[in-house]
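Scroll down for the structure; my scribbles are underneath it.
Each reported figure results from applying straightforward, stated rules to the coordinates on display, with no laboratory input. Worth saying up front: this structure is predicted, and the values here are computed from it rather than measured. Here the Cβ is made from the backbone with ideal geometry for all residues, glycine too, and neighbour counts use every protein chain on show.
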Amino acid sequence: MAEKIVIVKSGYNALTESVPNNMIFSSDYNTLKYGTSGTVNLNYVTNNGIRTDTYTVTVTFSAGFSPVIFAYINDDSYFGGTGVYLPLPYHSQSIARAEDFQHFWDENVLTFQVTVSNGLAVGSPVSRTAHFKYFIFKNETGLV
Amino acid sequence: MTEILAASKSAKNVLTATDPNDFIFHSSYNTFKILATGIVSISSSAGTTVTSVIAHGLGTRNGFLLLWNPGDDTNRFHDAETATYTANAGTHHVDTTHINIVTGHMDSTNLTIEYFCQDTGDTVYVKYYIFEVII
């Protein structure tokens, strides 16, 4: 029998428990290993005439492999301030335009992108800022 | 006093730290365990949604994460790019001739991954993680 380390939740027997949800930790199950995190801003323009524009900003992390990444957006142009975060990808649609916020990455660079599709010529160009928060884990996806 | 097992970060005192962010591991806080993981490849059929079904055998509906690689068709995101990319499920690529979307859903029996593409024969690679948390 292979040895292992198991820590169970209160009320459960570490020697007999088999349900992962009843364990704090078990060496039988890998976990997401936290690596690094950060924030980055992306400035973009809406109401810029009937057109589609793409804006990007990149973060170089140089892992040498494609890691698991979680990312969120806090767009103060919609919520009037910081503190509201949404998981990416995020799509916003109105009668005048659509904004697609996405993130993608390879082994070294994380890219945040917004594609603004203006369907109507409404008002004057508006400068906006998307605030992104990201978490880069040590777990390799094996996808790249 | 209840015994605990804890490993603090460098320069943090494991005996006195109270902020969970100062620990590498702490037995008072559950860990986000990965119960299953794998990579599936899905080839598109023009204008229809193609599915890949993973029978997870857990008997519960758990949290999951899907990451996908567009394979050899780098036009998923950028024209004339040569590097391949990974992205969260739900990320989509739309231009005048293509739309590509990867999504997924889970019940107590299966994790179903769906790929929609307007071309035929484009292959995407999807990495899935099934977590311990029951939803």
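What to note about this one:
- Under Karplus coefficients 6.51, -1.76 and 1.60, residue-wise ³J(HN,Hα) of the stretch B:108-121 in Hz, glycine/proline x: 6, 10, 10, 9, 10, 10, 10, 10, 10, 8, 8, 9, 10, x
- Shown for the stretch A:1-107 is the translational diffusion coefficient from the Stokes-Einstein equation, using the Kirkwood radius over Cα pairs, a temperature of 25 °C and a viscosity of 0.890 mPa s: 134 µm²/s.
- Rounded to two decimals, the Cα radius of gyration of the stretch A:45-144 over 2.2 N^0.38 Å is 1.20.
- Per-residue average of Cβ from other chains inside 10 Å of B:57-65: 1
- Remark on B:Arg61: its backbone amide H falls under 5 Å from those of B:Ile135, a criterion applied only to residues 5 or more positions apart or on other chains, H modelled at 1.01 Å from N.
- Along its three principal directions, the equivalent ellipsoid of the protein assembly as shown from the Cα gyration tensor extends over semi-axes of 37, 25, 16 Å, largest first.
- Computed from phi, the 3J(HN,Hα) profile of the stretch A:96-112 under the Karplus parametrisation 6.51, -1.76, 1.60 (θ = phi - 60°) reads 9, 7, 10, 10, 10, 9, 9, 9, 8, 7, 10, 7, 9, 10, 9, 10, 9 Hz, with x in place of Gly and Pro.
- Among A:Gly123, A:Gly49, A:Gly11: highest mean-square fluctuation, GNM of chain A, C-alpha pairs under 10 Å: A:Gly11
- Distant-in-sequence amide H partners of B:Phe23 (H built 1.01 Å from N, under 5 Å): B:Lys9
- Alpha-carbon Rg/Rh ratio, for the stretch B:1-50, with Rh computed the Kirkwood way: 1.41
- Across A:Lys9/A:Lys138; B:Lys9/B:Lys127; A:Lys9/A:Lys133; A:Lys133/B:Lys127; A:Lys138/B:Lys127; A:Lys9/B:Lys127, pairs whose alpha-carbon gap is larger than 24 Å: A:Lys9/A:Lys138; B:Lys9/B:Lys127; A:Lys9/A:Lys133; A:Lys9/B:Lys127
- Between amide H atoms placed 1.01 Å from N, distances below 5 Å from A:Lys9 occur with A:Met23, A:Ile24, all of them 5 or more places distant or on a separate chain.
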